[in-house]
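Written below as structure tokens is the structure these notes are about.
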Amino acid sequence: MYIGVHLCGGHWRLLRKALVLLVTGVCIAVPMEGASADGANLFARSWHEGRVIDAERALPITPFYTRLGSDTATEPGTLVRAEPAHDFSLPPGVTATRILYHTRTADNRDAVASGVVLTPSGTPPGGGWPLLAWSHGTSGVATNCAPSLMTNLFYNWEGLYEYLMLGYAVVATDYAGLGTPGRHAYLDMTSNATDVVHSVVAAHAAVPGLSRRWLVVGHSQGGLSSLGVAELEGTLKDPNFLGTVALAGASDLEDALDSVMKVKVPVLNGLVAFWIYGVKTVYPDFQPKDVLTEKGLAIYVMSVEDGCSAASGAFAALSTDELLRPDWSRNLYIRKFLQRNRPGSRATYGPLLLVGGGNDVLFTESAGQKIARRLCAAGARLQRKTYPGLGHDPLVYGSLKDQMDWIADRFAGKPAPNDCPAG
């Protein structure tokens, strides 16, 4: 999700006609006719402004997404259907394939999720294209907020396309409830991580030429999800899973909520509203009216599923103090959700790279330190990198070379660095 001048100290925009990557000393110029390069731009200052943003990138929800097939419970990862996709603004030569596949909900019911598989130009290397499972940040909670229903796949050049230019295939889940019928379990790390893990199985069924070896890369909401993947793999222990990259991960929700309350930037209120929606998805007995003010509830009911940037913009009309009731944090379901989404409570599998921005007001340096200590205590092997002066989205660009070096080393079989204290 793109956080602009108010939070990052300046717009972090790339050229609309070309992207210049400085990776391992090589300059790669990529022409992009008609494609926005602003990255994951979610936030809007009003409902009307958000409507314009949503309309500019929207793709129609076709029968591909709505015809789900049999109601019979099916093995997660099973491919429902796949089709070539030609309606995205992609780098030259990149091939896109939409996928629809089975996954599981928070209460272990069968569900269907959508996504897209992207492969680079050219012939895959021996063993197939090295595969990255991309876990996206906040795009909204409405059905039409699936990245695969956006011309720029939501993230555009903010990490996503760069990976393809550097020779990696990508499978990018939308998460269940985005694109497909049902509710999206926003910020529920296990639910979102489950969708990621099963997207890898579906990708191999849909697209030839992919390596069996893979790792997960996630940003923001997807950073939390990627940590959820590491924890799921603590049980699954897939020998082909090589590790986790968490970029500005929503890794400590309590810290993040405190940050939103402190900075008092109304444009962030939509994130809190989406989170309330996610709590309701995981705990159907939860009542949003128990934690939202009357003003907040009225906008929530009318707007939380009314678009993506539009929904975010609708909540910018409230001051931060007008959104939540004073006793919101004592709600039983809120406490249960926060406890459920607490990385470091379970053992992980595979090495981790935790990337944070020194100027990130959402997932702060203190949150990064806290989650690293928890993961180390749970036996993780991790490297943590912080980029002074960079905010929530700029760090995705600013950390690119370090990301790619770390990822290349995992595919090369090199030992992963470890910042956790010995013993």
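Which one of L338, L375, L352 is within 22 Å of the chain's Cα centre (by Cα), within 17 Å of G249 (Cα to Cα) and surrounded by fewer than 18 Cβ atoms within 10 Å (Cβ to Cβ)?
Among L338, L375, L352, only L338 is within 22 Å of the chain's Cα centre (by Cα), within 17 Å of G249 (Cα to Cα) and surrounded by fewer than 18 Cβ atoms within 10 Å (Cβ to Cβ).
Name the residue, out of G77, G10, G39, that is farther than 21 Å from T143 by Cβ and at pLDDT 95 or above. Explain how you work it out, then say what you get.
On the way: G10 fails: at pLDDT 95 or above; G39 fails: at pLDDT 95 or above.
Answer to the check: G77.
Looking at V245, V265, which is the one that is touching a residue at least 60 places away in the same chain (Cβ under 8 Å), over 29 Å from G126 (Cα atoms) and not polar (S, T, N, Q)?
V265
Can you list residue pairs whose Cβ atoms sit under 6 Å apart, with the first residue in the stretch 116-140 being closer than 18 Å to Y161 by Cβ and the second being among the charged types (D, E, K, R)? Count only pairs 6 or more apart in sequence or on different chains.
V116/R98
Check the stretch 230-239 and report whether any residue there is touching a strand residue (DSSP E or B) at 6+ places or on another chain (Cβ under 7 Å) and in contact (Cβ under 8 Å) with a residue 12 or more places away in the chain.
Scanning the stretch 230-239 turns up at least one residue that is touching a strand residue (DSSP E or B) at 6+ places or on another chain (Cβ under 7 Å) and in contact (Cβ under 8 Å) with a residue 12 or more places away in the chain.
Taking the options G270, G307, G278, name whichever one is under 20 Å from the mean Cα position of the chain (by Cα), outside any helix (DSSP H, G or I) and either within 21 Å of A176 (Cα to Cα) or not hydroxyl-bearing (S, T, Y) (or both). So that I can check it myself, show each step before the final result.
Working: G270 fails: outside any helix (DSSP H, G or I); G278 fails: outside any helix (DSSP H, G or I).
Of G270, G307, G278, the one residue that is under 20 Å from the mean Cα position of the chain (by Cα), outside any helix (DSSP H, G or I) and either within 21 Å of A176 (Cα to Cα) or not hydroxyl-bearing (S, T, Y) (or both) is G307.
Which pairs have Cβ atoms under 8 Å, sit 6 or more apart or on different chains, and link a residue in the stretch 82-107 that is closer than 15 Å to V170 by Cβ and free of Cβ contacts under 8 Å to residues at least 40 places away in the same chain to one that is of a type in the set (D, E) and surrounded by 19 or more Cβ atoms within 10 Å (Cβ to Cβ)?
none
Counting just the residues of the stretch 281-304 that are assigned to a helix (DSSP H, G or I), farther than 23 Å from D54 by Cβ and touching a residue at least 40 places away in the same chain (Cβ under 8 Å), which one comes out nearest to the chain's Cα centre (by Cα)?
V282
Across the stretch 355-371, which residue is surrounded by the most Cβ atoms within 10 Å (Cβ to Cβ) among those that are under 16 Å from L257 (Cα atoms) and within 16 Å of the chain's Cα centre (by Cα)?
Looking at the filtered set, the residue picked out is F363.
In the stretch 62-86, how many are out of contact with any Ser or Thr (no Cβ under 7 Å at 6 or more places or on another chain), within 18 Å of C145 (Cβ to Cβ) and of a type outside the set (F, W, Y)?
Qualifying residue count for the region: 2.
Return only the number of the condition from (1) surrounded by fewer than 24 Cβ atoms within 10 Å (Cβ to Cβ); (2) within 24 Å of V229 (Cα to Cα); (3) in contact with a strand residue (DSSP E or B) (Cβ under 8 Å, 6 or more places away or on another chain) that F64 does not satisfy.
The number of the failed condition is (2).
The values are calculated or read from the model by the stated rules, or taken from the named source; none is laboratory data. Keep in mind it's a predicted model, so treat the numbers as computed, not measured. Quick reminder, even Gly has a Cβ in these numbers, built from the backbone with ideal geometry, and neighbours come from all protein chains shown.
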